[in-house]
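Visitor: The structure is given below, and queries will be raised subsequently.
The values are calculated or read from the model by the stated rules, or taken from the named source; none is laboratory data. Since the model is a prediction, treat every value here as computed from it, not as a measurement. Here the Cβ is made from the backbone with ideal geometry for all residues, glycine too, and neighbour counts use every protein chain on show. Side chains included, ligands, DNA and RNA excluded: accessible areas come from the protein's heavy atoms. Shrake-Rupley method; radii C 1.70, N 1.55, O 1.52, S 1.80 Å.
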Amino acid sequence: MKTMMLVLLCLSFLPACVTVSSISTSQIPPAAGRKQKVTSSASNLVVLLIPFGNSFVDTAREDLERQCPNGAIQGIQTKHQNTNYFLGLAVAQEVVMQGYCIHVRKKG
């Protein structure tokens, strides 16, 4: 029993490994249009390599759109990162989105 407790204690001090992927999904607007920056994030836990859905990405996107109700979001950058814990037995997935809310002036 002491050996098992010692092993669990040692495993809890193992460092986590983080991988990050980043992609720009639209052009960054001119400097004059970069006044209102919007950011959102969401995460999901994967246990024993079994993902329980990826709707957390939709949650982050919807939150980003809510922050710009009367405009368009441009210059969107999406960052997806995985943090591996306990030798890959648990993985925290996180998506971070940021962009610029551009208010389009109507001609008329």
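Visitor: What's the FRET efficiency of GLN36 with HIS80 using the Cβ-Cβ distance as r and R₀ = 30 Å, to the nearest 0.05?
Guide: With a Förster radius of 30 Å, E is 0.80.
Visitor: Send over a whole-number figure in Å² for the accessible area per residue of the stretch 35-108, probe 1.4 Å.
Guide: Ligands and nucleic acids excluded, the figure is 67 Å² per residue.
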